[in-house]
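Here's the structure, in structure tokens; my notes come after.
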Amino acid sequence: MSDAVTPFQAPIGTHDVLAPSSAEWEGVISTFAQFAYRYGFELVITPMFEDVGVFNRGIGEESEMATKEMYVFTDRGNRTYALRPEGTASVVRAFIQHGPTTPWKAWYFATAFRYERPQKGRYRQHNQFGVEVLGTDDPAVDVEVIALAFRFYEAIGLTRFRLLINSMGDAVCRPAYVELLRAHLAANVDCKDANCVAVTSEGPMLIDWLCPECREHLDRVIAGLSSIGVTSVLDPRLVRGFDYYNRTTFEFVSDALDSAQNAIGGGGRYDGLTEQLGGKPMSGIGFGSGIERLLIVREAEGAEPRNLVNRALDVFVIDTTNEDVATALVDELRVAGLATARAYDQRSMKSQMKLADKSGARLALLVGPQELAAVEVTIRDLRSDDFEQTQRRVARSEIALVVAELLKS
Ligand code: HAM
């Protein structure tokens, strides 16, 4: 009987990322980092787990997230923690803890955990990047945050996305609206599931009951966006899944995804969140964008996986001397900034040549007994059809210079 171990699998709803997809991740993340920097955001890194109270703030009705979706655990010290289901509450907790000068503009790249039913585009562990701005309610900041997302999506090659925007009102106008909605629902009590949707969709809409301040704020955000050519669609039915939102809320949806999972990013204002977490009153706004979904959308739109980041090899070193020539050569070229590979295990010339061809490297450097004796290296352009003619021998001491020149051509 075999006692072989059954190979383990990644947990349900999680994914390993290997090349070439991992190169695309690198490209998307580094592009986002560049954009965040251009827009004046600094990187913030917070723990993957927090006191459960950071996410489950226990204010009135419990949110979906708090009750059903969190990974909660008790550690050996009997503290109750949750794996973060999102970035915003953690970043706001860090803001309160450290008190940086405002306006504070922070960006993050965060793995998030939600116990959801896995399906395409919805996972138990996903990755987000996002930004948060604390300390101003200037509509210009709403415009800037939304513009960052918009320009970033453009930069990674997305074309089929739309920006939906709405206002959740504030502590002045929302309570009155909630009363109205209650009254509407009470008057239409026979609320069977399917009918419920119809009843609510016929009901009063918050957009019609915004206080003048909230309405003006929204109008200025929409006008600001349109002044820089960012088209938004007012969607009075847009409601997002966290209880902390007020005023501006928005979502970017992609027409390249199934409508159930078509949000590539979303966010909004959360002007009361600092207080809910024990801090002073402070305005805040931000957004988060799911990396897995962005990659699904890029694929659906036919974007080239590797075009965001260059992960091509420059040089492949072939060494048949059985000395340490290859070790020295690859080190020298790597120090000079070139992506360099070699073969191992003392393979034959033929087998190393095959590997060099497969590697996609632009140049092969060959060192055999002859080159070793002459203190030279043969350079071969792997893209040339006739390398017998084009290959040449170069003094060992000049190799890094010559290779750098050739790679420019
Ligand atoms: P969210 O809409 O829950 O917002 O998530 C942001 C994005 O993360 C979504 O638009 C989607 O692309 C991706 N995402 C969410 N859940 C999953 C999942 N289970 N699997 C794959 N992708 C997912 C937030 O998290 C807020 N913190 C955004 C924010 C920042 N609001 C203000 N500041």
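In nm², what is the average projected area of the convex hull enclosing the Cα atoms of the range 1-44? Walk me through the intermediate numbers first.
On the way: hull surface 22.3 nm².
The number I arrive at for the range 1-44 is 5.6 nm².
Just the projected area, averaged over all directions, of the convex hull on the alpha carbon atoms of the range 142-296: how many nm²? Don't skip to the end; give the middle numbers.
Values: hull surface 42.1 nm².
About 10.5 nm², averaged over all directions.
Antiparallel as a % of all DSSP beta bridges within the chain, to the nearest 5?
80 percent
Give me the 1.4 Å probe accessible area per residue for the chain, excluding ligands and nucleic acids, in Å². Walk me through the intermediate numbers first.
Working: 21600 Å² over 409 residues.
Result: 53 Å² per residue.
Taking every eigenvalue of the Cα gyration tensor of the range 338-403, multiplying by 5 and rooting it, what semi-axes result, largest first, whole Å? Each step should come with its number before you reach the end.
Numbers: eigenvalues 62, 45, 31 Å².
Semi-axis lengths for the range 338-403 are 18, 15, 12 Å.
Need the C-alpha centroid separation for the range 113-178 versus the range 342-409, integer Å.
Answer, in whole Å: 51.
Using only the Cα atoms of the range 258-409, what do you get for the radius of gyration and for Dmax, in Å?
Gyration radius and largest Cα-Cα distance of the range 258-409: 25.1, 76 Å.
So for the chain, considering every pair of alpha-carbon atoms, how many percent are separated by more than 34 Å? Let's see the in-between values first.
Numbers: 39334 of 83436 pairs.
That fraction is 47 percent.
May I ask for the angle, rounded to the nearest 10°, between helix 139-155 and the longest principal axis of the chain, with both axes built from Cα atoms and the value confined to 0 to 90°?
Its long axis makes an angle of about 40 degrees.
Counting only protein heavy atoms and using a 1.4 Å probe, what share of the accessible area of the chain belongs to carbon plus sulfur, as a whole percent? Could you put the intermediate results ahead of the total?
Numbers: 11220 of 21600 Å².
In the chain, the share of accessible area belonging to carbon and sulfur is 52 percent.
For the range 218-346, state the average projected area of the convex hull of the C-alpha atoms over all orientations, rounded to one decimal in nm². Working shown, then result.
Numbers: hull surface 59.6 nm².
Answer in nm², one decimal: 14.9.
Among 242-255, 202-215, what's the highest-first ranking by average C-beta atoms within 10 angstrom per residue?
On the way: 242-255: 22.6, 202-215: 15.9.
My ranking of the peptides, most packed first, is 242-255, 202-215.
The values are calculated or read from the model by the stated rules, or taken from the named source; none is laboratory data. Please read these numbers as outputs of a predicted model, since none were measured by experiment. We place every Cβ from the backbone using ideal geometry, glycine too, and count neighbours over all the protein chains shown. Each accessible area value is taken on the protein alone, full model and side chains, heavy atoms only, with ligands, DNA and RNA left out. Shrake-Rupley method; radii C 1.70, N 1.55, O 1.52, S 1.80 Å.
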